[in-house]
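Notes follow once the structure below has been shown.
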Amino acid sequence: MTDTTTAPTATEEPVIHVLWINAGLSCDGDSVALTAATQPTIEEIALSALPGLPKIAVHWPLIDYECGPVQGADTFIEWFFKGERGEIDPFVLVVEGSIPNESIKKEGYWCGFGDDPATGQPITTSEWLDRLAPKALAVVAIGTCATYGGIHAMSGNPTGAMGVPDYLGWDWKSKAGIPIVNVPGCPIKPDNFAETLVYLLHQAAGSAPMIPLDEQLRPAWLFGATVHEGCDRAGYYEQGQFADAYDSPQCLVRLGCWGPVVKCNVPKRGWMDGLGGCPNVGGICIGCTMPGFPDKFMPFMDQPPGATVSTNASGIYGVLIRRLRSITVDTLDKEPRWRHTGQKLTTGYRKPW
Ligand code: SF4
Ligand code: SF4
């Protein structure tokens, strides 16, 4: 994305590099989703337009125009070799896609990223993690595949796919003492990742304290509340009004929504620019940000266990509360008696016709 080359000398402008590997097992959906970020936009990050940050050099396959041969003048992959050799520092390593276990295959490789000039053979994704993680200022896993394994790590899969913390170890820390940062979602909510990346860039620039993470290594301020707590339909749940078809505005829990027990801010902040957010717009929450996804949430369209008890309780309470509220609403929906209401005008105003 930029022709910025190696680590700066004392007189040169400092540069923070972002090395992005999207060669894990994935659909690249997180890369695509990130193009919709607005707070900030990817353009603002990639063009170093953010106040308080030094120049940022983003090496991301989705937007990079460098595509020359290995060891050529405009080769994209060369940045990753520079990172390995310690020639660019600091850099944030972004990993997209789950990491297959290369030690359990009989032959070949599960997935890789570029070729090794020494052997002409593909460099596997896990080998890139071995090479780059020790040199990175921070390692960020983007999307549920890279964080917890996701779809590829379902029970019975042949690849042994896993998330970055399962590969490097949950207590792994970068050379700067930063734990792995997980930003889950299938795909991510774009602003969740853009915001996290910018936080880490500020940390790299020395202008932010240690990033606060929860036990599953998610940014604590983004994943502290449940879908249910931010859902537009939560009022219907509380009043015991449940949809039995998708064309209803009421709560979707009986159609399979897992929102009450899933940590995700998408209904609160929308998918893009405040718009959308699964249950807000009629989609059940299937728990795509959670470490237990997808196995623990399947079959997706069934009512979650426990929902029968809570919806029955809410149904009984809801009938009573709706009746009481309708009386109150009727009262509040009228002006007080002491105002000039009614047909008879008491103001002196005379109608002209
Ligand atoms: S649709 Fe889901 S998240 Fe929204 S109120 Fe119902 S159960 Fe909660
Ligand atoms: S609301 Fe549920 S399904 Fe939608 S993004 Fe969040 S966790 Fe995933």
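Report D for region 65-134 in µm² per second (integer): Stokes-Einstein, Kirkwood Rh on Cα pairs, 10 °C, 1.306 mPa s.
120 µm²/s
Averaged per residue, what accessible surface does region 225-333 expose to a 1.4 Å probe, in Å²?
That works out to 55 Å² per residue.
Once you compute Rg and the Kirkwood Rh from C-alpha atoms, what is the Rg to Rh ratio for region 125-191?
Values: Rg = 12.2 Å, Rh = 12.4 Å.
My calculation of the ratio gives 0.99.
Please give the direction-averaged projected area of the C-alpha convex hull for the chain, in square nanometres with one decimal.
Mean projected area for the chain: 27.7 nm², to one decimal.
How much of Arg233 can a 1.4 Å solvent probe reach, expressed as accessible area in Å² and rounded to 10?
For Arg233, solvent-accessible area is about 20 Å².
So what's region 15-204 giving for Rg/Rh, alpha carbon basis, Kirkwood Rh from the mean inverse pair distance?
Rg divided by Rh gives 0.94.
Counting only DSSP beta bridges with both residues in the chain, what percent are antiparallel, rounded to the nearest 5?
30 percent
Each residue of region 87-98 in turn: what ³J(HN,Hα) in whole Hz from Karplus with 6.51, -1.76, 1.60 and θ = phi - 60°, glycine and Pro shown as x?
Running phi through 6.51 cos²θ - 1.76 cosθ + 1.60 with θ = phi - 60° gives 8, 10, 7, x, 9, 9, 9, 9, 10, 10, x, 7 Hz.
Over the chain, what is the mean sequence separation of C-alpha contacts under 8 Å (at least six apart), divided by residue count, expressed as relative contact order in percent? Mind dumping the intermediate values first?
Working: 666 pairs, mean separation 50.8, N = 353.
This gives 14 percent for the chain.
Grab the DSSP H runs of the chain that are 4 residues or longer, score each as -39,500 (n - 2.57), total them, divide by all residues and round the 222 nm result to the nearest 500 deg cm²/dmol.
On the way: 10 runs with 88 residues, N = 353.
It comes out at -7000 deg cm²/dmol, rounded to the nearest 500.
Would you mind pulling out the separation of the Cα centroids of region 139-177 and region 288-353, in Å?
Here the two parts' Cα centres lie 43 Å apart.
Got a sec? What order do Glu102, Glu127, Glu13 fall in by accessible area at 1.4 Å, biggest, i.e. largest, first? Could you put the intermediate results ahead of the total?
On the way: Glu102 30, Glu127 65, Glu13 115 Å².
Accessible-area ranking of Glu102, Glu127, Glu13, largest first: Glu13, Glu127, Glu102.
What are the residues whose amide H is under 5 Å from the amide H of Val18, where those residues sit 5 or more places off or on another chain and H is modelled from the backbone?
Amide H neighbours of Val18: Ala57, Val58, His59, Val92.
How large, in percent, is the carbon and sulfur part of the accessible surface of the chain at a probe radius of 1.4 Å?
Result for the chain: 57 percent of the exposed heavy-atom area is carbon or sulfur.
Each residue of region 187-199 in turn: what ³J(HN,Hα) in whole Hz from Karplus with 6.51, -1.76, 1.60 and θ = phi - 60°, glycine and Pro shown as x?
Residue by residue, region 187-199 yields x, 4, 6, x, 5, 4, 6, 4, 5, 5, 4, 5, 4 Hz.
Magnitude of the Cβ-charge dipole of the chain, K/R +1 and D/E -1, about the Cα centre, nearest 20 debye?
2400 debye
Residues of region 65-95 with the amide nitrogen closer than 18 Å to a label point 7 Å from the Cα of Thr35, along Cα-to-Cβ, please.
65-67
Amide H to amide H, which residues 5 or more places from Leu213 or on other chains are under 5 Å from it, using H placed in the peptide plane?
Residues meeting the criterion, in which the H sits 1.01 Å from N, are Ala220.
Quick one: what are the phi-derived ³J(HN,Hα) couplings along region 302-308, Karplus 6.51/-1.76/1.60 with θ = phi - 60°, whole Hz, x for glycine and proline?
7, 5, x, x, x, 5, 4
How would you rank 15-24, 294-303, 333-342, highest first, on the average number of other Cβ atoms within 10 Å across their residues?
The peptides rank, most packed first, as 15-24, 294-303, 333-342.
For region 1-125, what are the per-bin percents of Cα-Cα distances with bins 5 Å wide, up to the bin holding the maximum?
Going from the shortest bin to the longest, the percentages are 2, 10, 17, 21, 20, 15, 8, 4, 2, 0, 0.
Sort Thr311, Thr38, Thr124 from largest to smallest accessible area, using a 1.4 Å probe on the heavy atoms of the protein chains.
Thr38, Thr124, Thr311
Can you give me the relative contact order of region 225-333 as a percent, contacts being Cα pairs under 8 Å and 6 or more apart?
Once divided by the residue count of region 225-333, the mean separation gives 30 percent.
What figure in square angstrom, to the nearest 10, would you give for the accessible area of Glu84 with a 1.4 Å probe?
50 Å²
From the protein chains alone at 1.4 Å, what is the descending order of accessible area for Glu96, Glu43, largest first?
Correct descending sequence by accessible area is Glu43, Glu96.
Loop only per DSSP, at most 14 neighbouring Cβ atoms within 10 Å: give me the trypsin sites (Lys or Arg not before Pro) in region 60-166, ordered by residue number.
Those satisfying the criteria are Lys105, Lys106.
If you take the C-alpha gyration tensor of region 225-333, multiply each eigenvalue by 5 and take the square root, what semi-axes do you get, largest first, in whole Å?
In descending order, the three semi-axes are 26, 17, 11 Å.
The values are calculated or read from the model by the stated rules, or taken from the named source; none is laboratory data. Please read these numbers as outputs of a predicted model, since none were measured by experiment. Here Cβ is always computed from backbone atoms with ideal geometry, including for glycine, and neighbour counts include all displayed protein chains. We work out accessible area using only protein heavy atoms, side chains counted, and drop any ligands, DNA or RNA first. Shrake-Rupley method; radii C 1.70, N 1.55, O 1.52, S 1.80 Å.
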